[in-house]
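Worksheet for the structure shown next.
The values are calculated or read from the model by the stated rules, or taken from the named source; none is laboratory data. Keep in mind the model is a prediction, meaning the values are calculated, not measured. Ideal geometry is used to build each Cβ from the backbone, glycine not excepted, and the neighbour counts take in all protein chains shown.
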Amino acid sequence: MKFHVYMIITKKINKYVTYVGYSKDIEKRLILHNSSKGAKFTKGNYWKIIYQKKYNSKTEALKAEYILKKNYKLRLKLKKKFISNENINTTSL
């Protein structure tokens, strides 16, 4: 069975906020987050997946989730990459 570690992002007022988690079914988990039935932190917002990686075991996934949650430099890098791509995609020529 495969497990996914993921990072999702939303915009609150004038800043972007991220959340890191793990799941067996990432699409179903994102639906739960967006319908306010996921983690308490994610309620009331629209979330997008900006990072995901598969692992073969739950143990591996939990270790990777913990590392990503604590690695603020990597999270900031992923967030900046998403924001720059979003600005390119929303700019009209």
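May I ask you to list the residues in region 14-64 that are within 18 Å of residue 75 (Cα to Cα) and of a type in the set (A, V, I, L, M)? Listed by number, the residues that qualify are 17, 20, 49, 50, 61, 62, 64. If you go through region 4-55 and keep only what is touching a residue at least 60 places away in the same chain (Cβ under 8 Å) and either over 16 Å from residue 69 (Cβ atoms) or more than 11 Å from the chain's Cα centre (by Cα) (or both), you end up with just 16. If I filter region 55-66 for residues that are of a type in the set (Phe, Trp, Tyr), at pLDDT below 95 and either out of contact with any Leu (no Cβ under 8 Å at 6 or more places or on another chain) or under 16 Å from residue 1 (Cβ atoms) (or both), do I get at least one hit? The answer is no; no qualifying residue exists.
For residue 83, indicate whether it is among the β-branched types (Val, Ile, Thr), surrounded by 11 or more Cβ atoms within 10 Å (Cβ to Cβ) and over 10 Å from the mean Cα position of the chain (by Cα).
yes
Could you tell me whether residue 14 is surrounded by 11 or more Cβ atoms within 10 Å (Cβ to Cβ) and not hydroxyl-bearing (Ser, Thr, Tyr)? Judged against the criteria, residue 14 is not a match.
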